[in-house]
Structure formats: C-alpha cells, structure tokens
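Data block below; observations after.
The values are calculated or read from the model by the stated rules, or taken from the named source; none is laboratory data. Because the structure is a prediction, the values reported are computed rather than measured. Every residue, glycine among them, receives a Cβ derived from its backbone with ideal geometry; neighbour counts consider all protein chains shown.
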Amino acid sequence: MLRCALAEWQLARTRLVRSRLGLWLLLLVGGLVLVARHPVILALDTGMLAAVLAVAFTAGADSDRAALALTLTHPTTPLAVALGRWLAASAVAGLCVGIACAARAGPGGAEAAALFHAAAGGLAAAAAMAACALAAVWVGGNALAGALFLYVFVLSHFGPPAIDAVLGNGAVGWIVGAVVSVLPGVWRYAKLAGGDSGAWAHAAAWAAGGVSVAALVLARWVRR
Amino acid sequence: MTRRFGALRAVAGVSLSLVPGEIVGLVGPNGAGKTTLLRLLAGTLRPDGGSITVAGHPPGTSAARRTLGFAPDGAVFPPTLTVREVLDYYARLHTAGPQRRALAAAALELGALDEVSGRRAASLSRGYVQRLAFAQAALGGRQILLLDETLAGLDPAQRRRLCDQLVTLAATGVAVLLSSHDLAAVERVAARVLILARGRVVREGATAVLLRERVLEIVLDAPPRRPPPGFRVTAFGLETDLGGGTVEAALALCRAHRLAVRASRVRLKSLEDVVLESLDDDAAR
C-alpha cells in the first residue's frame, strides 16, 4: 500500500514543474511573506492555502478525476490513492511553509524557535486542510476547492465569537459559526504553534477523517 | 450477470467464460451493452444480479486487478505525464525497483510507443491513446485483457500489428475479450464470437463454425422486380444462403423466375453477414 501511495507523488512532482501550480505557489508564498505580520499566521496561511492549491491541481481537475477510473484498474486501492494524493499535497504545502518561514527568518536566523513552532503548526494545518480539500474536490470538483480557498483566505481567520459578533444569533450566523467550528481554520490552528492539544487533535482528526472520506468517495465513484 | 441503468437493461442475463489463450470477439450495435459488460468484468461496475470471478477472485479486488487488464474506449490518463511516465506510474502500482522500469519498458515496446514516449498523454491522437490504453492493460504480464474498441482509430498498419500482438499474447496463454466494430479484424483474430444486442447474447459460437456457411452471389443483367423466395437483393443482383442446397438448384430457381444470370460465385459468409443476420433474427422475434 505504501508503494502505491508513494506512486502518487509522481503526479504532484510533474504538476509542480509542468503546470501553473508552481507559479501560483511561488506567488502565494512571496505575497504572504511580504504581507503577513505574524510568523504563525504566515505559516498557517501558507500551509492551508498551498494545500488547497496543491489538491486542486493534482486531484480536483476533471481530467485528473477521470484518470482515477483507469488507475483503479491496477493493483492499488482507493485508500492508497487517497493517501498518496494527500501525502503529495501535504508535502508540497509543507515545502511552501518551509520556504515561507525560511524567508521570514532571513540570513540572521532571528526568531528561530518561534518560526520552528510556527512551521510545525503550518505543516499540521496543511495536512488537515489537504485532507479536507481532497474529500471536497472528489465530491464536488474544483468549484469546492475555490470555495475552500476563499474560506481559508477570509472566513477561517474568525472564530465563532467573532462570527456571532458580526452576523448575530440568526440562522446565517449559526450556520457560518458551525462551518467555522467544524472545518480546519486559521483561528483554531493558531494555537498549534503553542502546543494546544485540542488544536492538534482537530488537525489529526481532519487528516485521518478527510483521507478516509476521500477514499470512500473514490471507492463509490469508480465502482457504481 | 445483469445490470440496469434506471429502466434500461444494459446487460440482461449474459453468461460468459474465458479460457487461457482464447481471443473472444464481442460485437454488436451501439448500445448493445458491450462496454457495460466489459466494465462489469473489470470491476468498475457492480452487477445487479449474478456473479463474476476473475481467476477465482471477485472483480475489483487487488488480486483480480493484478490478473486482469482493462483498456477502456477513450481512456483518460494523468494529463501532465508523458507516455513513458504514464506507464512508469502504472508500473509503480505493480512492483518497485528495477522490475518496475522493466515493466514500463516492456509495455512501451508492446504498444509501439517509443516514438511518442516523451510526449504528454494529454496531447496524443486517438490512435496513440488506444495504443497506450492497450499497453497499460497488458502491463505486468496480466493474463486476461478486456479491450474496448482498442482497434478504433488505428491506421491499417497499426491495426494489423495490434492484431498480430493479440495473437502472440494469446499463444502465451493470455485470454482476450475484444469488443470492436471492426468485424474484419475480429474475424481475423477471434477464435470465438459473441453477438450482443439489447443486453443479451443473441448468437455465440466458434468463428470457424459461424463462418462456414456458404453464400451464392449472382450477378444479373437487370435488377429483379421481386427476388425469388430465400434470395436477397444486392447492388449487383441477388444473393442467398446455400445451406444444404446446391448452386444448380439456386440458379434453376432464378431461371424459373426469368432472371438473366450473367455470373455467379460461391463465397463463405463474412462475420458481417452473420452479425446482421443475427440482429435481424433478434429484431423479428
């Protein structure tokens, strides 16, 4: 199974250099390094947004989803394919987090410990977001990846109290609050760098759950 | 096995077995259920009824996928990979290390894809896509091949080459189920033919047996107003199945109907004759 999962890296590697994924990621990292004020937010934004982009480019396109049907006529499993795509997207996003944090540190290596913790949090957040995005794109294609990108970029910075304060206690406020509470979010994962066990458990649950759901979706999809 | 799509019975009570080294042709009109049948066997569709085993394994399991290769019509490959990388990617799912590279190289050679090995899969023409689909299906020395319209889109030389490869593979014990509208190619390579219509097998038999009937073709000076009983009108005159009758008796019948026979010849039935006849019989029922 591990061999089959690792085979999926080949797709991510070629996407990085042969599609616009590499360019978008460079722009994303460059832009966030320039504008982000706090290293934790820099690592989280970079990791989560890069994870969504990586999943969209390696698994969410119509051609990629169509190619899965043929892949699954070979001796692999939906779980191995989902695990491989998740690992590849997480690795790409992790690479972006590393580059962003290294660029932030500069040659002097200032704030090294804080940046290391921020990078670890960014990596965990990227893994959670990649799993979430993978399940989403295999259900609804890249339209959902676009929605997730906007969600991470804007909405996920606000926790339920902030949502309540802005939208009130109505149905819309309740729904948005529930979405923000359940989905991986910058507001929750900002505590990852500080070692908050609840945030780490949430990220781990999303990573495992998202990959499992993606595998189930794939299994149902290719064998109807 | 049976399979429905809503109210449509795509496959209705088809029973089929493949033996090692056998090439079976699957023919029939569009919508007959050929692709559905192949997808059921490949494990990408679940049957509503009946059971399928692939060398003793349920279809869709890892063991079955190791044994059975499927080349779907209009296969889609990971678009950013080159042809060589596509085969390498699939080879990784079978094995690792130097063996993987050997598998990919063998598949590249089998599909005669050397000249396009560096081109991206997304930019290939239909013929090359079919050849790549065939190469990935045969990858890993799989013992059962399901080929859905793999001969479509190939130029005559490539079609001949692929037919020869199928015969060579069959000689090594590989069982092939070939769905095709190219009846001449099926006639050439298939040892057995299944004719499918409306999800059912309407005729099945060894190719040699199906094609052993004789047909008498008669060239007339003028087209007949009405053909004699048992005769069909053709572009050049008439034709009839000889069955147990003689050429002389058939020609005498023509003369009795005052038809001016210019020439006649006896030929064996083609697969096209058999298929069209079977479909007509099925429609008449």
Got a sec? Which of A:156, A:181 is at pLDDT below 90, assigned to a helix (DSSP H, G or I) and within 19 Å of residue A:29 (Cα to Cα)?
A:156
Every residue in segment A:84-103 that is in contact with a helix residue (DSSP H, G or I) (Cβ under 6 Å, 6 or more places away or on another chain), away from every other protein chain (no Cβ under 14 Å) and not hydrophobic (A, V, I, L, M, F, W, C), please.
A:90, A:94
Do the conditions hold for residue B:80, that is, is it over 26 Å from the mean Cα position of the chain (by Cα), β-branched (Val, Ile, Thr) and within 22 Å of residue B:62 (Cβ to Cβ)?
no
Against the condition part of a helix (DSSP H, G or I), within 14 Å of chain B (Cβ to nearest Cβ) and in contact with a helix residue (DSSP H, G or I) (Cβ under 9 Å, 6 or more places away or on another chain), how does residue A:59 come out, does it pass?
yes
Kindly provide the set of residues from segment B:14-49 that are touching a strand residue (DSSP E or B) at 6+ places or on another chain (Cβ under 6 Å) and small (Gly, Ala, Ser), ordered by number.
B:25, B:28, B:32, B:33, B:42, B:49
One residue is enough: does segment A:7-15 have a residue meeting the conditions within 22 Å of residue A:120 (Cα to Cα), assigned to a helix (DSSP H, G or I) and away from every other protein chain (no Cβ under 11 Å)?
no
Please work out which one of (1) at pLDDT below 90; (2) part of a strand (DSSP E or B); (3) not acidic (Asp, Glu) is the condition residue B:264 fails and give its number.
(1)
Sort out which residues of segment B:122-138 are buried (at least 24 other Cβ atoms within 10 Å of the Cβ) and within 9 Å of chain A (Cβ to nearest Cβ), and write them in order of number.
B:133, B:136, B:137
Kindly state which helices (runs of 4 or more DSSP H) lie completely within segment B:106-216 and contain at least 3 residues that are in contact (Cβ under 8 Å) with a residue 40 or more places away in the chain and β-branched (Val, Ile, Thr).
none
Single unsatisfied condition, residue B:60 versus (1) modelled with pLDDT under 90; (2) buried (at least 19 other Cβ atoms within 10 Å of the Cβ); (3) more than 11 Å from every other protein chain (Cβ to nearest Cβ):
(3)
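Okay, residues lined up against (1) under 24 Å from residue B:13 (Cα atoms); (2) buried (at least 19 other Cβ atoms within 10 Å of the Cβ):
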residue	(1), (2)
B:194	yes, yes
B:201	yes, yes
B:208	no, no
B:214	no, no
B:218	no, yes
B:231	no, yes
B:266	no, no
B:275	yes, yes
B:278	yes, yes
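Check whether at least one residue in segment A:38-50 is at negative phi, away from chain B (no Cβ under 14 Å) and touching an Asp or Glu at 6+ places or on another chain (Cβ under 7 Å), and report yes or no.
If we filter segment A:38-50 for residues that are at negative phi, which is where we start, we get A:38-50.
If we keep only those that are away from chain B (no Cβ under 14 Å) too, we end up with A:38-50.
Of the ones still in play, those that are also touching an Asp or Glu at 6+ places or on another chain (Cβ under 7 Å) are A:39.
Yes: one or more hits.
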Can you pull out the residues in segment A:66-83 that are buried (at least 24 other Cβ atoms within 10 Å of the Cβ), at the interface with chain B (Cβ under 7 Å from one of its Cβ atoms) and not hydroxyl-bearing (Ser, Thr, Tyr)?
A:74
Restricting to segment A:13-28, name every residue that is surrounded by fewer than 23 Cβ atoms within 10 Å (Cβ to Cβ) and either under 16 Å from residue A:96 (Cα atoms) or in contact (Cβ under 8 Å) with a residue 60 or more places away in the chain (or both).
A:13, A:16, A:17, A:20, A:21, A:22, A:23, A:24, A:25, A:26, A:27, A:28
If only one of A:102, A:43, A:66 is in contact with a Gly (Cβ under 7 Å, 6 or more places away or on another chain) and farther than 20 Å from residue A:211 by Cβ, which one is it?
A:43
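To keep it simple, each residue is scored yes or no on (1) assigned to a helix (DSSP H, G or I); (2) among the aliphatic types (A, V, I, L, M); (3) surrounded by 19 or more Cβ atoms within 10 Å (Cβ to Cβ).
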position	(1), (2), (3)
A:192	no, yes, yes
A:195	no, no, no
A:200	yes, no, no
A:205	yes, yes, no
A:221	yes, no, no
